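Structure first, commentary second.
The values are calculated or read from the model by the stated rules, or taken from the named source; none is laboratory data. Since the model is a prediction, treat every value here as computed from it, not as a measurement. When we count neighbours, we look across all protein chains shown, and the Cβ atoms used for this are built from the backbone with ideal geometry, even at glycine.
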Amino acid sequence: MHWFHQLPVRRKLNWIILSICGLVLAFAGTAIGLYELSAYRRSVVVETTILADVVAANVSAALAFDDEKGARVSLESLRSDPHVMSAALFRQDGATLAEFVRDGQRTAAPPRAGALRAEFTDEGLVVVRAVALNDRPLGTIYLQRDLRDIRQRMLVFSGIVALTLVAALLVAAALSSRLQRPITTPILMLADVAQDISERKDFSVRAPVVTGGEIGKLTTAFNDMLSAIDQGRTALLGANEQLRKEVSERQVAERRVTAQATRLLQLNDLTRAIAERQDVESVFQTVAGSVEEELPVDFACVCTYDEDRDTLFISTIARGSLPLAEEMGMRPPFAIQVETNGLARCLKGELVYEQNTLTLDKPLLLRMGAAGLRAVVIAPLLVESRVFGVLIAARREKASFTSSDCEFLRQLSDHVALAAHQSHLYTALQRAYDDLRQTQQAVMQQERLRALGQMASGIAHDINNAISPISLYIESMLEREPNLTTQGRERLTIVQRAIDDVAQTVARMREFYRQRPQALSLVRVGLNPLIQQVIELTKARWHDMPQQRGIVFELRTEFAPDLPAIKGVEGEIREALTNLIFNAVDAMPTGGKIGLRTFVKHASNGTNPADARVVIEVSDGGGGMSAETRRRCMEPFFTTKGERGSGMGLAMVYGMAKRHQGEIEIESTEGQGTSVQLLFPLAVGPDPFVDVAQHRPQRGLRLLLVDDDPLLLKSVSEILETDGHQVVTASGGQEGINTFTDAVEQAQFFDAVITDLGMPYVDGRRVAAAVKAASAETAVFMLTGWGQRLAAEGDVPAQVDRVMNKPPKLRDLREVLATVKPRPRP
Amino acid sequence: MYGVRTARYLRHFLAVALICATWARAQERTLSEYQVKALFIFNLVQFVEWPASAFPAPDTPFYIGVLGDNPFGDDLLTAIKGEKVGGRPLVLVQGRSLEAVKHCQLLFVSRSERARVDTILAEYARKPVLTLGDVPNFAARGGVLNFYLDGAKVRFELNRAAAQQAGLKLSAQLIRLAKPVGSPGGGP
C-alpha cells in the first residue's frame, strides 16, 4: 500500500472510485454468473430427466419383453441429442439390456445401474431413472450428459462480464476525473500554498478563498492558521533572539569563569612547581617558561633590581623567547634604567601595562616595539613591600592582555616573589648550615691536630736536639775556618740550608695547630735566588720521582732581571712556593709544563712605587679548577686530593701572602690549567736588622748551660767557648740547680743560664724558677724545641727572659747574649 | 498405498460381479420357457387396449383363458394373482371347451389344440379377444399373437389384421417388438 500513499490526490481518488466500481461490478457479475450457472444446471437436470423418462417410456416394452434389439434401437434415438454421451438400460435384476455410447468410444467407466439419481460427476451429468409399466418397475435407464455447453455458456458469460467491467471502468474513470475536481483543486491549491510557505518561509501568503462547503471552511481555517502561525512565529523569533542574547552573555560569563579557573589552576601548578625549586635562578626559569607557554605570551623574562644603581638586570629569559631577546639585544644581564623607562611606579609595587609600545617614548618599550612586541606587562616582584625584581611579559598584538591576564600576572608575581624570597632564605640557611658544618669539621680537625701536634712537638724536640750540634758546628765552621776549600764551603752552605729546612719542616708540623706569631722578622729577600733554591729543594718531586714512573715535567723559568727585593721571611716564601710547585705537579698526573715567572707589575694609573708589585707566577697545564673549587680553594682543610691532601697548602700560601701585605691571584680554567700569582709590595728603605756580625760580644760571659742531651751540651758549650765565654754545663735540671746554687754560695755568679725546657724529673721551668730565686739578676734563656709554641701560647714562664728555638743558631745566641750585661767580676 | 486400495476395490467388485452372474444364471435356469411365457402374458395385458365392448359391466374382471392343456402349471396363476388391469382384477380361466373360455378377453391357445386352431380362430373372429397361440403359424392362420422361440429367447408374432378385426389397439412398442405375419389371402 506504500505506493498508494505516494500517489497524488487526484490519482488517489481515481483509484478509489475505479477500484470500488470494479469490485462492485465483479461481485455483481460473479453473483449473476453463479445464479446463471446453477439455473442452467437445474434446467439441464430437468431436461435430461425428461429425456430419460421419455426414453424410458419408449423402452418399457422392450424391457418388459426382454427385447435387447428393440431396446438398443430405442437408445440409439438418443444420438440426436449431441450432449448425450452414453446411455444404458438395466433390467430389474441389474443386468444390462442395452447400451449406447456416442462415437462408439467409451469416455467413462461402464455405467452401472445403482440407485435412482441425478448428479453432476466428472463425466458430466448422470441421470438414472426407473422404467415402469403401470407402476410396476421394469428396470432402470442410465443417461450421461456432457457439460460442454455449460462451460461454453459460462465462458461467454465471463467474456460479457469482463467487457462490461472494462467499459464501466472506462466510463467511471472519465467521470471520476471530471467530478473530483471541485474537491481536489482547492486542496491542491492549499498544498501549493503550504509548500510555498515552507520553501520561502513567507507566512504572509494566503490561499485563494473558495466559498461554501467544507473545502471553503478548510481554506478559511488554513488562512486563519497561517495568520496565527505568522504571529506566533514573530513572537518566537523575538523570544529566540532574546534567548540567544542571554545565552551568549552566559557563555561569555562562563568562558570568563573557565578562564579564571584555568588561570587559577595554572597558578596553582606554577606555585607548586616553584615551591619545588630551591634556587632563585630555577624559580625564575620555571616562571618565565610557564608564563610563556601557558598564558601564553610571545616574550617573557625576569629581571632583578639593583637598588644601588637603580637599574634592572635581565636575569632569566624564557627558552622560547631567546631568539626574540637576541634580536632585541637583550641578553642577560641586560641593564634597564629605571628612571628613563618610567619604571619607578613599577618599583613602587604597581603593575605596569603598556597597551602599545610604539606610542611611548621609552627606550625599553621602543626596543621591544621594534621587535614586534606591542603589548607589555611589567609586574613587580615584591617582598615585604620591597621590590627586588620584575616579571616582564609581552605580546605582539597590541592591547592583547585582558584584565584577567594582568590579574594572573600580578598574582603570579606575588607568588614568585615569595618563592624567590624563600629561596633566598633557603640559600642563606643552607650557607649558614654549610659554614656551621665546616666550622664543626675544622674544630674537629684542629682537635685531632692538637693531639697530633702534642706528639709532633715531642718528635720535633728530639729532632731539634739532634740537629742542633750540626747547625751550630756548620755555622761555626763557616765563620771560623778560613781554610776551607771553596767547594767545602759551598757544600757546608747547602748542608746548613738543608738543616734549616729540616728545622722548618719540623716547625711546620706545629703549624697545623698553632697561630704564627704576629710579628715577623722581615728581611730583604731576593726572590729570584729564592725560587732557584726552591726548584732545587723540590727537584725530587717534579723530576726524580716522576721519572721513575716515566713521567716528565718540564720546568720553565722566566725571571725578570734586576727584580727588586721584597721584605719577607724566606722560609715562609720558600714554603709557599714549594706548595705551589707541588700543586702544579699534582694537577698534571701525566706530566707537562710548569711555568715559574717573576716580574714587576706597575700600577695601572701611576708610577708610584708604592703601588708596584713584585709578582711570582706559578702556572701549570693541568685540570684546572671548577668555579666551586676556585671559590673554596683557599679555605683551610679544603682539598681535592682526598686523603693525600691536608687541605692546608693554599691556605698557608694565602696566610703567608697576607702576612707579607701581599695578594694572591688565581686564574684557572677547567681543563686548561691554573696560574697562581703572588704579589708582594716592594721593599722600601734599608733592612732594619743589624748584621749578625755586629753582635759579636766584646768579652766573655760566665754561662751555665743545662741540657739533658750531652751532644747538644757539648756542641753549644764549644761554640760559646769559641766565642770567648766561660761555660759550665749541667746534664740535668737538678744538676743545673745544684751547680747554680753551689756557685751562688761560693759567690761565683753566672751572667746567664741557658736551659733546656723539656728535661726528665726537673724541667727548664723549675730550673728557671730556682735560678731566679737564687739570683734575680741572672738572665735565664730557655732553649727549646717547643720555644715557638710557648711564645704563641703565652706560656713563657715569668722567670725566663727569652725563649730560643732549637736548633739554636749562632747569631741568635750571640744576639741574645749581647743583651746580657756582664756582672762585674769580683 | 494407492495400488493396494485399487486392488482391494477390484477384488470387491469381482466378488459382487460373480455373485450377480451366478444369480442371473440361476434365474435363467429357473425361469423355464413357460414361466417366461406366463410373465409375457401378464405383460401383454399392459400393452393392449381392449374396446369397451369387451367388458359387459364396469366391474367385470379381466379373464385370461387357457384353452387346452395348461403348460404353465401354477406359474401363470402366480404371475397374475392379485394383479389388476384398468381397475379390473385378473382372473384365470381354463378349459378344454370353447364354452369354458367364452368370456375371456385374452385367450391362450395351448399347443394341444393345434388341430383345431382354425375352428377356434373362426369362433373368435371379430370378437374383442386377444388370441395368443403357442402353436406354429397360429398368427398366420388368423391369430393375433403367437409365441415362438428365437433360439432360447421367447418371441411373438403379430397379425395386425387380426388385431384390427378384433378391435384391439396394440401398443406401438409391442408392434415394434413383434414379428409381423399376414393372414392368408390378405396383406399384413
Original post:
Does B:VAL154 meet the test of being touching a Pro at 6+ places or on another chain (Cβ under 7 Å), at pLDDT 85 or above and over 16 Å from B:VAL48 (Cβ atoms)?
Top reply: no
Original post:
Scanning region A:639-651 for residues that are surrounded by 19 or more Cβ atoms within 10 Å (Cβ to Cβ) and hydrophobic (A, V, I, L, M, F, W, C), which turns out farthest from A:MET444 (Cα to Cα)?
Top reply: A:LEU650
Subject >> region A:1-35 - residue that is of a type in the set (Ser, Thr, Tyr) and surrounded by 11 or more Cβ atoms within 10 Å (Cβ to Cβ) and, of those, farthest from A:ILE150 (Cα to Cα) >> reply: A:SER19
**OP:** Run A:VAL210 past the list (1) surrounded by fewer than 17 Cβ atoms within 10 Å (Cβ to Cβ); (2) of a type in the set (A, V, I, L, M, F, W, C); (3) touching a Pro at 6+ places or on another chain (Cβ under 9 Å) and report the number of the one that doesn't hold.
**Re:** (1)
Subject >> Residue match in region A:38-55 (condition: within 14 Å of chain B (Cβ to nearest Cβ), at pLDDT below 90 and over 24 Å from B:LEU44 (Cβ atoms)) >> reply: no
Original post:
Out of region A:583-609, which residues are in contact with a strand residue (DSSP E or B) (Cβ under 7 Å, 6 or more places away or on another chain) and not in a helix (DSSP H, G or I)?
Top reply: A:MET588, A:GLY591, A:GLY592, A:LYS593, A:ILE594, A:GLY595, A:LEU596, A:ARG597, A:THR598, A:PHE599, A:VAL600, A:LYS601
Original post:
From the residues in region B:30-41 that are more than 9 Å from chain A (Cβ to nearest Cβ) and more than 16 Å from B:SER110 (Cβ to Cβ), which one is surrounded by the fewest Cβ atoms within 10 Å (Cβ to Cβ)?
Top reply: B:THR30
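Condition check ((1) within 30 Å of A:ALA370 (Cβ to Cβ); (2) outside any loop (DSSP other than H, G, I, E, B)) across all residues:
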site	(1), (2)
A:GLN231	no, yes
A:LEU236	no, yes
A:ALA239	no, yes
A:VAL247	no, yes
A:ALA253	no, yes
A:THR258	no, yes
A:ARG263	no, yes
A:GLN278	no, no
A:SER290	yes, yes
**OP:** Would you point out which residue out of A:THR629, A:THR590, A:THR607 is farther than 30 Å from A:GLN440 by Cβ and modelled with pLDDT of 80 or more?
**Re:** A:THR590
Subject >> Single residue of region A:134-150 satisfying the filter (more than 16 Å from A:ALA52 (Cβ to Cβ) and within 14 Å of chain B (Cβ to nearest Cβ)) that is surrounded by the fewest Cβ atoms within 10 Å (Cβ to Cβ) >> reply: A:ASP135
Original post:
Could you list, in sequence order, the residues of region A:168-226 that are outside any helix (DSSP H, G or I) and under 16 Å from A:LYS12 (Cβ atoms)?
Top reply: A:GLN180
Subject >> Residues being under 26 Å from A:ALA747 (Cα atoms) and modelled with pLDDT of 80 or more - total across region A:803-826 >> reply: 7
**OP:** Give the residue, chosen from B:GLY82, B:GLY133, B:GLY143, that is of a type outside the set (A, V, I, L, M, F, W, C) and either in contact (Cβ under 8 Å) with a residue 40 or more places away in the chain or more than 19 Å from B:TRP50 (Cα to Cα) (or both).
**Re:** B:GLY82
**OP:** Would you be able to say whether some residue in region B:82-91 is within 14 Å of another protein chain (Cβ to nearest Cβ), buried (at least 20 other Cβ atoms within 10 Å of the Cβ), of a type outside the set (Ser, Thr, Tyr) and touching an Asp or Glu at 6+ places or on another chain (Cβ under 9 Å)?
**Re:** yes
Subject >> Top-ranked residue of region A:525-552 - restricted to ones that are within 19 Å of A:GLU570 (Cβ to Cβ) and not in a helix (DSSP H, G or I), ranked as nearest to the chain's Cα centre (by Cα) >> reply: A:THR538
Subject >> Verdict on A:ALA52 being closer than 30 Å to B:LEU149 by Cβ and among the aliphatic types (A, V, I, L, M) >> reply: no
Original post:
Is it the case that some residue within region A:768-779 is crowded, with 19+ Cβ neighbours inside 10 Å, modelled with pLDDT under 80 and within 24 Å of A:LYS821 (Cα to Cα)?
Top reply: no
Subject >> Hits in region A:570-582 - residues which are touching a strand residue (DSSP E or B) at 6+ places or on another chain (Cβ under 9 Å) and over 15 Å from A:PRO529 (Cβ atoms) >> reply: A:ALA576, A:LEU580, A:ILE581
Original post:
Which residues, taken from region A:531-579, are of a type in the set (Ser, Thr, Tyr) and touching a Lys or Arg at 6+ places or on another chain (Cβ under 8 Å)?
Top reply: A:THR557
Subject >> Scan of region B:109-135 for residues that are in contact with a strand residue (DSSP E or B) (Cβ under 7 Å, 6 or more places away or on another chain) and part of a loop (DSSP other than H, G, I, E, B), ordered by number >> reply: B:SER110, B:VAL129, B:ASP134, B:VAL135
Original post:
Would you call A:SER38 assigned to a helix (DSSP H, G or I) and either within 60 Å of the chain's Cα centre (by Cα) or surrounded by 18 or more Cβ atoms within 10 Å (Cβ to Cβ) (or both)?
Top reply: no
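Yes or no, residue by residue, for (1) more than 60 Å from the chain's Cα centre (by Cα); (2) surrounded by 11 or more Cβ atoms within 10 Å (Cβ to Cβ); (3) modelled with pLDDT of 90 or more:
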| site | (1), (2), (3) |
| --- | --- |
| A:LEU190 | yes, yes, no |
| A:SER204 | yes, no, no |
| A:ILE215 | yes, yes, no |
| A:THR219 | yes, yes, no |
| A:ASP224 | yes, yes, no |
| A:THR234 | no, yes, no |
| A:GLU241 | no, no, yes |
| A:ALA259 | no, yes, no |
Subject >> Criterion violated by A:ALA61 - all others in (1) loosely packed, with under 13 Cβ neighbours inside 10 Å; (2) within 14 Å of chain B (Cβ to nearest Cβ); (3) in a helix (DSSP H, G or I) satisfied >> reply: (1)
Original post:
Here are some residues: A:LEU563, A:LEU580, A:LEU555. Which one is in a helix (DSSP H, G or I), modelled with pLDDT of 85 or more, closer than 19 Å to A:GLU617 by Cβ and not small (Gly, Ala, Ser)?
Top reply: A:LEU580
Original post:
Within the bounds of region A:344-362, is there any residue that is within 18 Å of A:VAL291 (Cβ to Cβ) and among the basic types (Lys, Arg)?
Top reply: no
**OP:** Could you list, in sequence order, all residues of region A:104-119 that are out of contact with any Lys or Arg (no Cβ under 8 Å at 6 or more places or on another chain) and modelled with pLDDT of 75 or more?
**Re:** A:ALA115, A:ARG117, A:ALA118, A:GLU119
**OP:** Could you run through region A:715-753 and say how many residues are free of Cβ contacts under 8 Å to residues at least 12 places away in the same chain, farther than 23 Å from A:ALA466 by Cα and part of a helix (DSSP H, G or I)?
**Re:** 3
**OP:** Tell me, yes or no, whether region A:347-359 has at least one residue that is of a type in the set (Gly, Ala, Ser) and either at pLDDT 85 or above or out of contact with any strand residue (DSSP E or B) (no Cβ under 6 Å at 6 or more places or on another chain) (or both).
**Re:** no
